[in-house]
1. Restricting to segment B:102-123, name every residue that is of a type in the set (Val, Ile, Thr) and open to solvent by 40 Å² or more (accessible area, probe 1.4 Å).
2. Restricting the search to segment A:131-147, which residues are in contact with a strand residue (DSSP E or B) (Cβ under 8 Å, 6 or more places away or on another chain), closer than 20 Å to A:Arg111 by Cβ and either open to solvent by 20 Å² or more (accessible area, probe 1.4 Å) or without any contact (Cβ under 8 Å) to a residue 12 or more places away in the chain (or both)?
3. In this structure, is B:Arg39 within 14 Å of chain A (Cβ to nearest Cβ) and over 27 Å from A:Leu28 (Cα atoms)?
4. Give all pairs with beta carbons closer than 9 Å in which a residue from segment A:88-105 that is at positive phi meets a residue that is outside any helix (DSSP H, G or I); count only pairs at least 6 apart in sequence or on separate chains.
5. Kindly indicate whether B:Asp17 is in contact (Cβ under 8 Å) with a residue 60 or more places away in the chain, under 27 Å from A:Gly63 (Cα atoms), more than 14 Å from chain A (Cβ to nearest Cβ) and open to solvent by 30 Å² or more (accessible area, probe 1.4 Å).
6. Among (1) within 14 Å of chain B (Cβ to nearest Cβ); (2) open to solvent by 40 Å² or more (accessible area, probe 1.4 Å); (3) out of contact with any Phe, Trp or Tyr (no Cβ under 7 Å at 6 or more places or on another chain); (4) not in a helix (DSSP H, G or I), there is one condition A:Asp173 misses while meeting the rest; what is its number?
7. Please pick out the residue among A:Glu114, A:Glu26 that is under 25 Å from A:His185 (Cα atoms), more than 10 Å from chain B (Cβ to nearest Cβ), over 13 Å from the mean Cα position of the chain (by Cα) and at pLDDT below 95.
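The values are calculated or read from the model by the stated rules, or taken from the named source; none is laboratory data. Computed from a predicted model, the values in this text were never measured in an experiment. Neighbour counts run over all protein chains shown; Cβ positions are idealised from the backbone, glycine included. Side chains are part of the model used for accessible areas, which takes the heavy atoms of the whole protein and leaves out ligands, DNA and RNA. Shrake-Rupley method; radii C 1.70, N 1.55, O 1.52, S 1.80 Å.
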Amino acid sequence: MDVTRSDTYPLRRRDVVEAILAGRGEALVIAGLGAPAWDCTAAGDHPLTFPLWGAMGGAAMIGLGLALAQPSRRVLVITGDGEMLMGLGSLATIAVQAPENLAIVVLDNERYGETGMQLTHTAHGIDLAALAAAAGLPITGTVHDQAGLEAAIADIHGAPGPVFLNIKVRAEDLPLVLPPKDGVHLKDRFRIALLGEEAAV
Amino acid sequence: MNTAATWPDDIFRVLLDMDVKQVAYVPDAGHTRLIELCRDSNALTAVSLTTEEEGIAFLAGAWLGGQRGVLLMQSSGIGNCVNMLSLARACRFPLPILVTMRGQWGEFNPWQVPMGQISADVLGLAGVVVYPVDDTARIADTVAAAARTAFDGPGLSAVLISQRVVGAKTFGK
C-alpha cells in the first residue's frame, strides 16, 4: 500500500468544508481539534459552531450529547481521522443511542496534521466507514471525489442518521485560520445563540 | 452490598429534583440499582459508555444543548478521564461525577488498589471539588451539594461513595 497516496487525493479539505457548511441552515456544528476546526473557521466563524482546541477523541461524543438534547436540530460533527481514531468506542455508544439528527463527517487526510503530518492508521488501510458500519450506523460511506461529495452533502444534512461519512482529502499544510480560543466564550456564545440570553452563566 | 439499601433511590430522587436529563455511565456493581432506576425512567436518558472519558464529552454536548447531566463510574474510571477533564475545565462545563469506590476498604483485588488510592488526589489535581462520603444517611445530601457545585458554578465535582457503603467484592472467597 502506498502510504503517501493522500498527497494526491483530489478533494481539498477547505473546499469540502465550505461546501458542507454552505448549506448548514439551522444545523449545530462541533469541529474537531486541529485542521477541521481551522477549516470550519475558514468557512466562516459562527456562534453555533463549537470548535475544539483539545478533547481529542471527544468530538463525536459531544455531538451525541448535543443531538440528544436538541432532537429537532441537525447536529454535524466535522473532525479528523486522527481524532476519530482516538474515540472509536464512541461509534458503538452512538450506534446504541442512534439519534437520527446526528451526522459525523471525518476529513481523512491519513495524517496527524498538527504534529508534523505523521501517518495515521487510515494510511495503512484502516477503514473508518467500515468500522462505523460494523457498529451499526445506518448510513456510512467513504467519499473520494466531487461527485461523491455532492451525494454525501445531501445525506449529511438530511438523511435519517446517525450518518457517518469518511471523506478522503488531500494531505496538505494550509494557512491557519484560528477560531476564538477561550472555551468559556465559545460555550457561552453557542448557548446564547441556541437557547437565548438567559443561557449565559 | 446490602440489597435493601435505599441510598441509590435517594440519589435518583436528587437527580430528578435537580432536573438532570442525561445520565452517562460505565457500570459498577455499586451503581447497579441507580442505573436500573435511570434506565427505567422516562424523565431522563441513561447512556451506557465504552469508557468514562466519553461521558465528559457527552455531557459537554448535552449542556451545549441546554440539558443537565451526571456521570456515574467506579474509581478505576477516574484515570481514564484525566485529559478529557480539560474540556470541562477550559470551558467551565458543569460536571458532577458520582463515583463508587474500589481499592479502598477491604479490597479483594489488588489491581484495584492503585487507582482507588489516588482517586481523590487525581481529581483534586484536575480541579474537581471532591466530596467523600461513607455514611449512607448522608449520600443524598452530599450528591445534592456536589450537583449544586457543578451546576451553579459551573464547575466540576465528584462524590466518592466509600467502599464501606458499597461493600467489598470478594469473588466468594
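1. Answer for segment B:102-123, where residues must be of a type in the set (Val, Ile, Thr) and open to solvent by 40 Å² or more (accessible area, probe 1.4 Å): B:Val113, B:Ile118.
2. Scanning segment A:131-147 gives A:Thr142, A:His144.
3. Yes, satisfied.
4. Pairs that qualify, where the first residue is at positive phi and the partner is outside any helix (DSSP H, G or I), are A:Ala98/A:Gly136; A:Ala98/A:Leu137; A:Ala98/A:Pro138; A:Ala98/A:Gly161; A:Ala98/A:Pro162.
5. Spelling it out, B:Asp17 is indeed in contact (Cβ under 8 Å) with a residue 60 or more places away in the chain, under 27 Å from A:Gly63 (Cα atoms), more than 14 Å from chain A (Cβ to nearest Cβ) and open to solvent by 30 Å² or more (accessible area, probe 1.4 Å).
6. Tallying (1) within 14 Å of chain B (Cβ to nearest Cβ); (2) open to solvent by 40 Å² or more (accessible area, probe 1.4 Å); (3) out of contact with any Phe, Trp or Tyr (no Cβ under 7 Å at 6 or more places or on another chain); (4) not in a helix (DSSP H, G or I), A:Asp173 fails exactly one: (1).
7. Sole residue among the options that is under 25 Å from A:His185 (Cα atoms), more than 10 Å from chain B (Cβ to nearest Cβ), over 13 Å from the mean Cα position of the chain (by Cα) and at pLDDT below 95: A:Glu114.
Residue by residue, here is whether (1) small (Gly, Ala, Ser); (2) at pLDDT 95 or above; (3) assigned to a strand (DSSP E or B); (4) farther than 20 Å from B:His31 by Cα holds:
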site: B:Asn83; (1), (2), (3), (4): no, yes, no, yes
site: B:Ser86; (1), (2), (3), (4): yes, yes, no, yes
site: B:Ile97; (1), (2), (3), (4): no, yes, yes, no
site: B:Tyr131; (1), (2), (3), (4): no, yes, yes, no
site: B:Asp141; (1), (2), (3), (4): no, yes, no, no
site: B:Ser157; (1), (2), (3), (4): yes, yes, yes, no
site: B:Leu160; (1), (2), (3), (4): no, yes, yes, no
site: B:Phe171; (1), (2), (3), (4): no, no, no, no
